[in-house]
Amino acid sequence: MPRSGTWLLPAALLCAALGGPPSRAADLTPQRQVEGRLMCYCGCADLTVRLCTCGTADGIRGEITRRLATGETPDQVVAAFVAQYGEQIRSAPSTSGFDLVAWVTPFAVLVAAGSALLFTLRRWEARGARPAPSAAGQAAARQVDAAPLTEAEREVMRRVEREIKEGL
Amino acid sequence: MADFGTFCLLLALVASSWAIIASYNGWRVQSGELVLSGERAVYAAWALVLLGVLALEYCIHTDRFDLEYVASYSNRALPRMYKVAALWAGQSGSILFWLFILLSYSAIVVLLNRRKNRPLMPIVVTTLSVVSTFFLVLVNFMTRPFVRLSFTPVDGNGMNPQLQNPFMAIHPPCLYTGYVGLTIPFAFAVAALVTGQLGDTWFRTTRRFTILSWFVLGTGILLGGWWAYVELGWGGYWAWDPVENASLIPWLTATAFLHSVMIEERKKMLRVWNLSLVIMTFLLSILGTFITRSGVISSVHSFTKSEIGPVFAGFLGFCVVVAVGLLLYRLPDLKSEARLDSFVSRESTFLFNNLLLVGAAFAILWGTLFPILSEAVRGVKITVGAPFFNQVTVPIAFGLITLAGICPVIAWRRASARKLLEKIQIPFWALVGSAAALLIAGVRDPYAIVAFSLSVFVISTTVMEFYWGTRARQKVAGQAPAAAFLSLVDRNKRRYGGFTVHLGFMLIVVGVTGSMVFKQEATASLKRGQGFALGRYTMRFDAIVRQDDPNREFMGGRLAIFEGTRQVGTLTPGQNFYKAGQNPSTEVDIRSTLRDDLYLILTGFDPQEGVYTFKAYLNPLVNWIWIGGAVLIAGAWFAMLPDLRDRKRDVEARLREIEAHAA
């Protein structure tokens, strides 16, 4: 792998942090979207309004339908529920203010740890100095060399046999 | 019998405390007799706690409702099986059960190591006994199972209806066995740090305990998912509930350890990291218990919350200080000259696998604890639910799946990038082909396309490893294909057991993706004779069903299920009304095939109008999750089977010990 490959992991994680996985919200109706963004406050299970099967969830679903029918956007409907029942009714932290810390931290930590790991691996690689394969590994390689194989087969089998002999 | 149980638990506390004093001092003054006395005290504590458990079971089975625990979690009509399970239905009983499992493990460890690992054993026994003593203090003074009421109720409150399910009877013991088993590698790691015997003995000795705990915890998590699926009645199996998360987090770090320890075995590096992983895993298992028991975070599992949270937090803090202190103290001895032949090597991929596994554990822990942080900083308690965890963990999971595909084909020490690309050529084209096939079939969901095609990639690389290995045996040893295959897997159970685990994991990924992305649902309020449709099924409400037994009354509706015009079966979803007076519980009914599950719930009924409301889910591929779980368990079992090489190594280690002793 070329050395420039070291930027790949942090870049991939950063993309994930910024964009996240592709949103499926587009596939859902506004009703379903809002149901997924609100928790049912029935107390019988920690489920979103979309999944909860209790009577309370039925009531909330009806309220969402009514609000959407009056022309409110999904964001407005969610905001109305938050104003009435508090932040706890959201099924996930919002993406502003202190709540943003919840979203960014896992990816920031992964990017930092990933960069540190890449740096460390490069340092270890620079030390190099390859130890000789074990006696069992060498014996396995000789056994494979003696078999009637093509060069490609020989390469794969030498690796497999050596790893088996060395117990890995 | 209650007094007998109380007495046994008090004596067990004395025995366990003696085990700490005798073992630690025996090690300090090098007294074999004291060490032996400490080990015998472990057996005594185990026997006494066993008697305590039997005493509580006896009280439950003989309806001793003058005991608070029995009155709270059992009743006369409770079936026998659930009376056994009532032991872990409430807090004090489940902590007693936890303690019993821990002491059973401890007694087995002492028994298995009575002639080996002698330098480590006194500190292993000390560590295990410190943990047991903590739990014994809890059951003797803080959450006592044998507390008497000031009166004797005629009948008990009965068990929570949601817990009256066969899976629920197995799920907690599995989780506990997994959680508690993680104490064993921790105890050996502490012993290695205290004694300075930092070689490979501690992890070689505990390898089987680690795999056993890992796979039992994994089985417990799967059974929990199965229970949620058939019992909770919302059509899913994983809700990212804090207690579910608490079981997944140590499982992820244990998975990281099982991979990275291979690097230490081979290259004698990452010693600090591996010890840290084992310590972290144990601490996370205690944190999981703390979350379950304290009620600090609201959870569907808060069957048993109480005031012991601060004590758990204190014990957790104590363990962190001791473990981190020991690690820092031994840091100079643990430093190894880490070297890497090549960046492109199995070692690197394992380290990235560790990064992602520990990263996933951190992300889930972070999301689980964030409500507490938010309350502390803003004074506002918020919810961190499924949308957060899905968004955060899915990219990490994709990274892990990709690594599971590359790892098996990349060589230890050094692999050339060109040869690696050659090796993954066929799996890569399988990936491209499956993505194209999905697009042609009309699948447009990017999650599904990525997850399915990556699964195909991993399954092809893994199957090819089996194929190439068999070919190698065939040609090198001149064996027939079947014999070559058997000899191949038999000669390295761990390697091929591990690959089987990867295959199981991929089947789970396929099942989770199918059931999450392509789930369909419909709701209908019906009178008898009316019907509704979902996917390829049509359902007709045929009859009202009522069943009565001493424990509960069942109310449900029978629906005929049609595929096209052909009737393929009947389903009877309903609700159970328990006579002990709790809320009704949903009883779903499922038509299960390899292709999908038709999942029916009775969400409400109006007996006067004769209108019944049903919710139906069509969950594609969900059965592959359970099949994948079974494959994963089979692979883990296979990896645990004894290897001739291990036996040889044990004998050699024993000989070395005898020689050292003689010298």
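The values are calculated or read from the model by the stated rules, or taken from the named source; none is laboratory data. Quick caveat: nothing in here was measured; it's all calculated off a predicted structure. Using ideal geometry, Cβ is built from the backbone for each residue, glycine included, and neighbour counts are taken over all protein chains shown.
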### Query
For B:Ala441, are the conditions met, namely being out of contact with any Cys (no Cβ under 9 Å at 6 or more places or on another chain), closer than 23 Å to B:Ser515 by Cα, more than 13 Å from chain A (Cβ to nearest Cβ) and of a type outside the set (Phe, Trp, Tyr)?
yes
### Query
What are the residue pairs meeting all of these: first residue in the range B:1-14, first residue touching a residue at least 40 places away in the same chain (Cβ under 8 Å), second residue of a type in the set (A, V, I, L, M) and not in a helix (DSSP H, G or I), Cβ atoms under 7 Å, and 6 or more apart or on different chains?
B:Ala2/B:Leu67
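Condition check: in contact with a strand residue (DSSP E or B) (Cβ under 8 Å, 6 or more places away or on another chain) and either more than 16 Å from B:Leu357 (Cβ to Cβ) or surrounded by 20 or more Cβ atoms within 10 Å (Cβ to Cβ) (or both). Does B:Leu275 satisfy that? Walk me through how you get there before you give the answer.
Working: in contact with a strand residue (DSSP E or B) (Cβ under 8 Å, 6 or more places away or on another chain): no; either more than 16 Å from B:Leu357 (Cβ to Cβ) or surrounded by 20 or more Cβ atoms within 10 Å (Cβ to Cβ) (or both): yes.
In short, no.
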### Task
With the checklist (1) under 20 Å from B:Gly235 (Cα atoms); (2) outside any helix (DSSP H, G or I) in hand, flag the one item B:Arg528 doesn't pass.
(1)
### Task
Only residues that are assigned to a helix (DSSP H, G or I) and more than 9 Å from chain A (Cβ to nearest Cβ): list them for the range B:352-392, please.
B:Asn353, B:Leu357, B:Ala361, B:Leu365, B:Thr368, B:Leu369, B:Ile372, B:Glu375, B:Ala376
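Here are B:Gln479, B:Gln474: which of them is within 13 Å of chain A (Cβ to nearest Cβ) and in a helix (DSSP H, G or I)? Lay out the reasoning, then the answer.
Working: B:Gln479 fails: in a helix (DSSP H, G or I).
Testing whether each residue is within 13 Å of chain A (Cβ to nearest Cβ) and in a helix (DSSP H, G or I) leaves just B:Gln474.
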### Failed criterion for B:Ala107 (all others in (1) modelled with pLDDT of 90 or more; (2) surrounded by 23 or more Cβ atoms within 10 Å (Cβ to Cβ) hold)
(2)
### Query
Is it true that A:Gly59 is more than 27 Å from the chain's Cα centre (by Cα) and at the interface with chain B (Cβ under 8 Å from one of its Cβ atoms)?
no
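Tell me, which helices (runs of 4 or more DSSP H) lie completely within the range B:185-300 with 2 or more residues that are in contact with a helix residue (DSSP H, G or I) (Cβ under 9 Å, 6 or more places away or on another chain), acidic (Asp, Glu) and touching a residue at least 60 places away in the same chain (Cβ under 8 Å)? Spell out the reasoning first.
Details: elements: B:201-227, B:242-267, B:271-294.
Correct list: B:242-267.
Are any residues in the range B:7-50 among the polar types (S, T, N, Q), closer than 28 Å to B:Phe146 by Cα and surrounded by fewer than 19 Cβ atoms within 10 Å (Cβ to Cβ), and if so, which ones? Working first, answer last.
Within the range B:7-50, the first condition is being among the polar types (S, T, N, Q), and the residues that meet it are B:16-17, B:23, B:25, B:30-31, B:37.
Retained after the next criterion (residues that are closer than 28 Å to B:Phe146 by Cα): B:16-17.
Result: B:Ser17, single match.
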### Query
What pairs can you find where one residue is in the range B:511-522 and over 12 Å from B:Ala448 (Cβ atoms), the other is in a loop (DSSP other than H, G, I, E, B), and their Cβ atoms are less than 8 Å apart, with a gap of 6+ or different chains?
B:Gly511/B:Leu621; B:Gly511/B:Val622; B:Gln520/B:Gly535; B:Glu521/B:Gly235
### Query
B:Asn160 versus (1) at pLDDT 85 or above; (2) under 23 Å from the mean Cα position of the chain (by Cα): which is the lone unmet condition?
(1)
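Can B:Ser487 be described as of a type in the set (S, T, N, Q) and within 14 Å of chain A (Cβ to nearest Cβ)? Step through it out loud before you land on a result.
Details: of a type in the set (S, T, N, Q): yes; within 14 Å of chain A (Cβ to nearest Cβ): yes.
Criteria met by B:Ser487.
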### Query
Could you count how many residues in the range B:394-420 are within 9 Å of another protein chain (Cβ to nearest Cβ) and either hydroxyl-bearing (Ser, Thr, Tyr) or free of Cβ contacts under 8 Å to residues at least 40 places away in the same chain (or both)?
2
